[in-house]
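The values are calculated or read from the model by the stated rules, or taken from the named source; none is laboratory data. Keep in mind it's a predicted model, so treat the numbers as computed, not measured. Every residue, glycine among them, receives a Cβ derived from its backbone with ideal geometry; neighbour counts consider all protein chains shown.
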Amino acid sequence: MPTNVADSAQQIQSGPGASGGDALATMSGILSDIQLARELIAGRQEPHPMFSSKQVDEALERLLPGRVPPLRIRNAFNLQFHYGGRTVACFESPSGVVAVLAVGVEKIAKLLKSLTPDEVDRIVIHYPMPLPACETGEEVVTV
């Protein structure tokens, strides 16, 4: 599971089988996480949609059979699946694509301290609940 932009980029670059990435990979080899966050917030770089796993796609198909889910619903499910139970700092582009900029309180604090007040105003902190097993189709095992 990625913990920041660079980790996400590494997973996305490793191919379509990579899980948990959020596809902010295009500039990560050149820019630091903070610089990339600034590029995204300023609109100079458009984030790629989050990687959507088979489990998320199947859960959305059960929820909305035969329909294309709105991006905000897909984003919510992806945040739950990839980052459930962890605090994440996110930015939503004008097109509705959510970029996960930092994961975990320490990395989020470092990010927020490095940004201007105007940039911080564009960040949303989420604590997505884990996607319930019943939503992913996994068998619930009780002990």
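Residue-level check: of (1) over 20 Å from TYR127 (Cβ atoms); (2) surrounded by 18 or more Cβ atoms within 10 Å (Cβ to Cβ), PRO94 misses just (2). So, in the stretch 97-117, of the ones that are aliphatic (A, V, I, L, M) and touching a strand residue (DSSP E or B) at 6+ places or on another chain (Cβ under 6 Å), which residue ends up surrounded by the most Cβ atoms within 10 Å (Cβ to Cβ)? Here the residue is LEU101.
When VAL120 is tested against (1) modelled with pLDDT under 95; (2) surrounded by 12 or more Cβ atoms within 10 Å (Cβ to Cβ), only condition (1) is not met.
If you go through the stretch 54-76 one residue at a time, do you hit one that is touching a strand residue (DSSP E or B) at 6+ places or on another chain (Cβ under 6 Å) and surrounded by 15 or more Cβ atoms within 10 Å (Cβ to Cβ)? So that I can check it myself, show each step before the final result.
Taking the stretch 54-76 as the starting set, the residues that turn out to be touching a strand residue (DSSP E or B) at 6+ places or on another chain (Cβ under 6 Å) are 75.
If we keep only those that are surrounded by 15 or more Cβ atoms within 10 Å (Cβ to Cβ) too, we end up with 75.
Checked the stretch 54-76: at least one residue is touching a strand residue (DSSP E or B) at 6+ places or on another chain (Cβ under 6 Å) and surrounded by 15 or more Cβ atoms within 10 Å (Cβ to Cβ).
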